[in-house]
Amino acid sequence: MDEEVIPILRVEDAAAAVAWYERLCFTKQWEHRFAPGLPAFVEIARGGVRLFLSEHKGDARPDTLVYLRVRDVEAIASEFGVQARNAPWAREVELRDPDGNRLRIGTPTE
């Protein structure tokens, strides 16, 4: 098993969050509920990058910031109708998911 870090993001509606993250090319891997009607806990992945989305109130807080390195930030900028900006280390965009979590997404510069 490879060791890894998987950020947990708080979401109100896991299905809506999964649909939003699909625009970033994430796909739903699995969903768990302790019983029908209880909060969902979902894993999404984009290549080797994984995020957990949790409806459980104690797992995380909104307004978390996650940095995601990608090969083509311009494609993401186009999908979301935003302009990428140059930083000293990357060309970046910053997005907020429907629950207020922040994603800074960048393609490293040479």
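The values are calculated or read from the model by the stated rules, or taken from the named source; none is laboratory data. Everything numeric in this text was worked out from a predicted model, so none of it was measured. Don't worry about glycine lacking a Cβ; one is built from the backbone with ideal geometry, like all the others, and counts go over all protein chains shown.
Worth a mention:
- Residue check for VAL42: farther than 18 Å from ALA19 by Cβ, modelled with pLDDT of 95 or more, touching a Ser or Thr at 6+ places or on another chain (Cβ under 8 Å) and not charged (D, E, K, R): no
- For region 79-88, the criterion of being touching a residue at least 24 places away in the same chain (Cβ under 8 Å) and either more than 14 Å from the chain's Cα centre (by Cα) or closer than 26 Å to GLU110 by Cα (or both) is met by at least one residue.
- Among the residues of region 1-19, the ones that are touching a residue at least 24 places away in the same chain (Cβ under 8 Å), surrounded by fewer than 19 Cβ atoms within 10 Å (Cβ to Cβ), part of a loop (DSSP other than H, G, I, E, B) and β-branched (Val, Ile, Thr) come to 1 in all.
- Taking every residue in region 20-36 that is under 22 Å from ARG96 (Cα atoms) and pairing it with any residue that is acidic (Asp, Glu) and part of a loop (DSSP other than H, G, I, E, B), at least 6 positions away or on another chain, the pairs with Cβ-Cβ distances below 8 Å are TRP20/ASP97; TYR21/ASP97.
- Only residues that are touching a Ser or Thr at 6+ places or on another chain (Cβ under 9 Å), over 25 Å from LYS57 (Cα atoms) and of a type in the set (Gly, Ala, Ser) were counted across region 84-110, and they come to 3.
- Subset tally (residues that are of a type in the set (S, T, N, Q) and in contact (Cβ under 8 Å) with a residue 12 or more places away in the chain) for region 58-78: 1
- Selection count, region 61-76, where residues are closer than 23 Å to VAL11 by Cβ and surrounded by 18 or more Cβ atoms within 10 Å (Cβ to Cβ): 3
- Checked against the criterion of being over 14 Å from the mean Cα position of the chain (by Cα), loosely packed, with under 14 Cβ neighbours inside 10 Å and touching a residue at least 24 places away in the same chain (Cβ under 8 Å), region 49-57 has at least one qualifying residue.
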